[in-house]
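The structure under discussion appears below in the form of structure tokens.
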Amino acid sequence: MRSHIRTLACSAVLVLAALAPAVAYGADPRVQQDLEQAEQALVNLDYDNANKVATRVVTQRGLSHEQLVRAYRVLALTDAVLDKEQQAREAFQILLTYDPSYAGDPNLGPKVQAPFMEARGFMRAQAVQPGAEASVVVRATEPGTIRLIVRDPLHVGKRGVIGYRWGGDGPFQTVPVPVGEGASTEVPPPPAGTSRLDYYAQVLDDHDSVAFEVGNPSAPKSTTVDLSQAGGPLGGGPPEEHRSIVASPWFWVVTVAVVGGGITAVALATKKTTTEALPPTASTLSPSLVCANGPTCR
């Protein structure tokens with residue numbers, strides 16, 4: 001049992017440590033230090049210390065989503081090892097809310113597997129599975145929309161925030177949004193010559209930590225807008241109107257006159273040609289006299 005936990009803990013620490021630089025945006029260095037301390041204590045099989053530090057970490061404010069997941073992995077596992085069954089079930093439920101893909105390790109034995117399986121069964125019985133999505137509609141000449149869709153069966157999310165910027169650099173414009181149906185923000189049309197929109201959407205818990213996210217300031221999502229809708233490569237106004245010559249009434253006056261004259265000429269030429277080309281009749285009458293007795297007179 002202890003060797004399985006050591007193997008699992010070492011693997012988790014190595015993977016998460018590699019990810020830490022990419023997800024530590026705006027993170028308190030002391031929180032990061034505490035999190036690493038809890039993970040190291042778990043590797044050393046110091047479950048009491050790991051549990052104590054992980055409990056302190058999850059109550060801190062402003063944790064990134066990745067930090068929450070890492071802290072609850074340590075907390076749920078050490079709660080289970082220390083025979084805190086109720087706390088372990090609750091910790092696993094929250095862990096599965098933040099990370100629905102977490103699968104546990106069947107080799108850890110019933111002490112850990114039992115609360116994990118109960119928590120997984122509870123989460124699977126919910127009407128919706130936890131997570132968040134963002135839908136984006138952007139236009140070349142009109143305001144667009146970023147909409148945040150949240151599925152939160154445990155109601156851990158308290159408020160949302162949407163960030164966006166036109167172009168690949170510069171600060172994000174952030175807008176607070178409610179957590180619920182119809183949470184969205186308007187995006188202004190792109191500046192001239194800009195087609196790329198970077199954005200992210202996050203749901204924060206009661207400690208302002210990131211419970212759900214679609215991108216983040218360090219790794220935003222991106223989409224582009226078709227600038228041809230604006231009438232040119234720089235979006236400089238509507239396309240120039242080109243009227244067809246067919247739409248002109250004078251075109252039809254001239255056309256009728258020319259076509260009418262052409263038809264008359266063709267008709268006359270056809271009549272003349274037909275008359276000149278007629279062949280002679282097949283039989284010719286020649287004068288003759290018929291005598292009274294019947295035979296032709298000569």
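For this structure, a couple of remarks:
- Phi-derived couplings, Karplus 6.51 cos²θ - 1.76 cosθ + 1.60 at θ = phi - 60°, listed residue by residue for region 76-86: 5, 5, 6, 4, 5, 5, 8, 6, 8, 4, 5 Hz, with x used for Gly and Pro.
- Dipole magnitude of region 53-115, debye to nearest 20 (Cβ charges: Lys/Arg +1, Asp/Glu -1, about Cα centre): 180 debye
- The separation of region 83-100 from region 107-127, counted between C-alpha centres, amounts to 8 Å.
- Oblate is the label for region 31-98. Its Cα gyration tensor axes, ordered a ≥ b ≥ c, give a/c of at least 1.5 and b/c at or above a/b.
- Rg/Rh ratio calculated on Cα atoms of region 88-205 (Kirkwood radius): 1.14
- Taking amide H as placed 1.01 Å from N in the peptide plane, the amide H of V187 sits under 5 Å from that of G144, T145, I146, each at least 5 places away or on another chain.
- Stretching the chain fully between T224 and V128 yields a gain of 31.5 nm (0.36 nm per residue, less the alpha carbon separation).
- Set K111/K221; K84/K221; K158/K221; K52/K111 screened for pairs whose C-alpha atoms are more than 30 Å apart: K111/K221; K84/K221
- Atom-type composition of the exposed protein surface of region 149-223 places 47 percent of the accessible area on carbon and sulfur (1.4 angstrom probe).
- Think of region 86-167 as a dipole: +1 on every Lys or Arg Cβ, -1 on every Asp or Glu Cβ, centred on the Cα centre; then among S135, M123, Q87, S135 lies furthest on the positive end.
- Rounded to whole Hz, the Karplus (6.51, -1.76, 1.60) HN-Hα couplings of region 109-120, x for glycine and proline: x, x, 4, 9, 5, 4, x, 5, 5, 5, 5, 5
- Under 5 Å from the amide H of S209 lie the amide H atoms of G62, L63, each residue being 5 or more positions distant or on a separate chain, with H modelled from the backbone and absent for Pro and chain starts.
The values are calculated or read from the model by the stated rules, or taken from the named source; none is laboratory data. All values derive from a computational prediction rather than experimental measurement. FYI the Cβ positions are ideal-geometry reconstructions off the backbone, even for glycines, and counts take in every protein chain you see. Accessible surface areas use protein heavy atoms only, side chains included; no ligands, DNA or RNA. Shrake-Rupley method; radii C 1.70, N 1.55, O 1.52, S 1.80 Å.
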